[in-house]
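Asks: Here you go, one structure.
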């Protein structure tokens with residue numbers, strides 16, 4: 001078992017970012033060989049209750065500094081997370097499991113703001129310290145989910161590239177403690193779990209705490225966006241694959257309205273519709289607070305994605321550009337949601353991007 005070091009707070013400052021971001025459209029030839037990932041359509045589990053409450057009628061204002069926090073339009077909002085101190089607990093190795101490459105693989109648990117969360121930890125061979133990546137997976141029905149599921153390809157490729165990898169299961173999944181309805185529907189609980197995962201990794205002596213990143217897929221892309229706006233400076237870079245929208249209402253209308261009428265009824269009874277209470281829904285949208293992002297962001301999206309339309313990432317990219325975020329959108333002609341033929345190309349670019357930005361300091 002790797003010894004644990006005392007908690008080391010992040011020692012990063014906001015980087016200067018260019019006024020405009022680069023959008024690259026890559027005409028990539030399809031190739032074979034990458035196994036297809038299971039579909040991760042981000043429709044969350046049905047909720048059973050919503051807290052009623054009122055919120056200001058005006059949309060919350062964003063702020064570009066970590067010290068001057070925006071007002072919280074509701075207790076259930078991203079500004080609420082901005083005010084929370086999340087330190088993570090030591091990683092507890094439950095058991096070592098078979099590894100697919102030159103690294104060790106462990107099932108682990110850690111404390112996430114009072115909730116036990118499970119996951120898998122991959123540690124490359126060698127003395128370290130290594131850069132580290134937290135993986136935020138896409139939606140998989142929690143009742144069928146098994147630990148470490150959803151991003152096995154990314155786990156292997158990143159560990160082989162010399163990264164310590166912590167794949168969080170999220171609360172309510174695998175061996176984690178149960179999740180509350182609001183945590184699931186809003187993704188705020190999952191955001192806490194990823195922030196705490198980074199903090200837990202920083203405790204590991206085999207990890208270079210000044211070289212960390214978050215990588216999210218599908219629903220996990222929105223979780224990654226949430227991490228960036230609530231905890232600027234926590235990591236050094238972020239990568240997302242086929243993300244859901246950075247506007248909460250897009251996702252709400254895509255999945256909740258047509259598929260979970262009971263959830264919509266309870267939510268609107270408590271806080272109103274998006275038209276009646278735009279402040280509440282804006283408070284759950286990372287896009288609202290895009291100018292708080294201080295890290296470079298790489299977005300991968302296929303043009304044939306029929307789960308999360310490409311236009312969502314194009315709109316996110318436009319919002320990030322307007323906010324001065326160092327963001328790059330790579331589009332993959334003909335690629336679907338799970339990334340099959342062009343997965344390896346996307347990972348090569350991801351590893352190059354992380355290698356460029358995880359330089360310490």
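Asks: Looking only at the stretch 93-116, count how many residues are under 20 Å from residue 159 (Cβ atoms) and in contact (Cβ under 8 Å) with a residue 12 or more places away in the chain.
Replies: 16
Asks: If you don't mind, there's one more thing I want to ask. Can you report the number of residues in the stretch 210-231 which are surrounded by 23 or more Cβ atoms within 10 Å (Cβ to Cβ) and more than 19 Å from residue 155 (Cβ to Cβ)?
Replies: Here the count works out to 7.
Asks: Collect the residues in the stretch 173-197 that are in contact with a helix residue (DSSP H, G or I) (Cβ under 6 Å, 6 or more places away or on another chain), outside any helix (DSSP H, G or I) and crowded, with 23+ Cβ neighbours inside 10 Å, keeping them in residue-number order.
Replies: Hit for the stretch 173-197 is 187, nothing else.
Asks: Scan the helices (runs of 4 or more DSSP H) fully inside the stretch 274-361 and keep the ones with 2 or more residues being surrounded by fewer than 17 Cβ atoms within 10 Å (Cβ to Cβ) and modelled with pLDDT of 95 or more. Quick ask: steps written out before the conclusion?
Replies: Working: elements: 278-282, 310-322, 343-357.
Output list reads 310-322, 343-357.
Asks: State which residue pairs qualify: first residue on the phi < 0 side of the Ramachandran plot and in contact (Cβ under 8 Å) with a residue 60 or more places away in the chain and inside the stretch 332-361, second residue in a helix (DSSP H, G or I) and buried (at least 18 other Cβ atoms within 10 Å of the Cβ) in any location, beta carbons under 6 Å apart, and separation of 6 or more residues or different chains.
Replies: Between residues of the stretch 332-361 that are on the phi < 0 side of the Ramachandran plot and in contact (Cβ under 8 Å) with a residue 60 or more places away in the chain and residues that are in a helix (DSSP H, G or I) and buried (at least 18 other Cβ atoms within 10 Å of the Cβ), the close pairs are 347/157.
The values are calculated or read from the model by the stated rules, or taken from the named source; none is laboratory data. Just so we're clear, the structure is a prediction, and the values are computed from it rather than from any experiment. Cβ: placed from backbone, ideal geometry, glycine included. Neighbour counts: every protein chain shown.
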